[in-house]
Amino acid sequence: MNQSLRCSATRCLGPLIALAVGLAGLAGCTTAPKAPGVGAATVLQKPGFTQTWATQVVLEKGDQPKALYLLEDGLHVITAQNFDHVLAADSGDLKFFNFVTNRGEILGKPLLTRSNLVYITTYSLEIYTKHGRQLRSETFPFNFTTGGVSRGDTVYVGENNAGGRLAALDVTERYNLVRWEVDMLGIINGGPAYTDESIFSASSTGAVYSCDQDKHPDWVMNDHYCYQTGGPVIADVRADHFGVYVANTDGRLYVIDRNSGKLKWQYFANVPLKTPPQVTKDTVYQFVDGLGLVALDKSKPVALGKGKALTVEETTRYPRWTNANATKVIAQDDKYVYVQSTAGGLLALDRPTGQMAFHSETAGYTAFAVNEKDATIYATRADGTVMSIKPQPQIGVTGRLVMVPAAGPMQLAMAE
């Protein structure tokens, strides 16, 4: 734990920590009972959502959770005052917490490199062990503008250093972390993406750039090294084996071939797109202001010629479905996609049609973690209650319905 956290914890939580340590007879790591269950266990008479566990994290006065991130087996609760409370995803037990920075803010999700846990903040990289012990803080003569991605011990991030630059930073170095930089000719407001040994980034000029881990450009088109979109990009870039996905303020979602740098297909939203697309195995989801969540087929080949042996991607995509009450995909299973509603609740939508199958009994969640592994849902409220939730499509299941959580005992833990 860094010294700032020690001061903060001692000032605000000292009596509670001392009591917990005294009762347990342990030093360094103490856990009090978790918050009690939400509602009584009951037999579900209709499909819904049930609680697996609930935990009340310690918050400083005036603080509240602002983001949840699921990284391997840890659930990171990032707060407005730059704390990170890390819970065991399977139980809700608090593993450790840290006060990350008192300058600027935490940008994007924490990153797991080969050996470390790394936070990108406005002015620094904060480097920890994966068990939450701070190793060092690396400051720079410029500021970072985006969250990042990592590969091995290298972090890729957008910076404002005499203009927008994509930077590769080696977190094992002690004196010169910058491996290389690429001038993006505009400010980078959206985080980069990484897949198949390539890094993809976009800037306020609308340029989308791709290079390998040694800075060599992947795309060369008419003496240019980028794909030019029609407006500034402010959303994070996404990429996978199929393509590079760029939501643009010109009102279009571009899907670019990651090998050639040429357009595969595009979707016309006709309003500025400010949030990144969410990409699954067969669907691209895009939130559109004034319209809701749009589901687009990732691949939709059309036949060329009479023999129909050759196919190309349909270049203009139209929504498979649109749901005006949905804003963000949280998780999915074989039948349903689970989404955040406009009221901060949970909706289960039929994957092919987008029709609502069932919903949570209450709303008011302030943040959800995106779970790409299974259908477990992680949510938090402004008071620091964090919950693990399971969808229950079948009636007759016994469980605790997800309703407004009651306040309960807090958990205390120190970083190892």
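Odds and ends about this structure:
- The criterion of being closer than 16 Å to PRO277 by Cα, crowded, with 18+ Cβ neighbours inside 10 Å and in contact (Cβ under 8 Å) with a residue 24 or more places away in the chain holds for LEU296.
- Restricting the range 182-223 to residues that are acidic (Asp, Glu) and within 23 Å of the chain's Cα centre (by Cα), the residue that is farthest from LEU169 (Cα to Cα) is ASP196.
- Evaluated against (1) under 19 Å from VAL237 (Cα atoms); (2) at pLDDT below 95, THR327 falls short on exactly one condition, (2).
- Of the residues making up the range 131-170, those that are exposed (fewer than 15 other Cβ atoms within 10 Å of the Cβ) and either of a type in the set (Lys, Arg) or under 17 Å from PRO110 (Cβ atoms) (or both) are HIS131, ARG136, GLY152.
- Residue selection: TYR285 satisfies the criterion of being among the aromatic types (Phe, Trp, Tyr) and over 20 Å from GLY230 (Cβ atoms).
- Residue in the range 225-243 that is modelled with pLDDT under 95, outside any strand (DSSP E or B) and more than 21 Å from the chain's Cα centre (by Cα) present: yes
- Residue ID - modelled with the lowest pLDDT, chosen from residues in the range 363-393 that are farther than 16 Å from PHE83 by Cα and of a type in the set (Gly, Ala, Ser): ALA363
- Of the criteria (1) farther than 25 Å from SER91 by Cβ; (2) touching a residue at least 24 places away in the same chain (Cβ under 8 Å); (3) surrounded by 14 or more Cβ atoms within 10 Å (Cβ to Cβ), which one THR316 fails: (3)
- Any hit, the range 194-204, residues being in contact with a Leu (Cβ under 9 Å, 6 or more places away or on another chain), surrounded by fewer than 23 Cβ atoms within 10 Å (Cβ to Cβ) and among the β-branched types (Val, Ile, Thr): no
- Yes/no for ASP90 being within 19 Å of the chain's Cα centre (by Cα), more than 24 Å from SER201 (Cα to Cα), surrounded by fewer than 15 Cβ atoms within 10 Å (Cβ to Cβ) and of a type in the set (D, E, K, R): yes
The values are calculated or read from the model by the stated rules, or taken from the named source; none is laboratory data. Keep in mind that this is a model prediction, so the values were computed, not measured. Backbone-built Cβ (ideal geometry, glycine too); neighbour counts: all protein chains shown.
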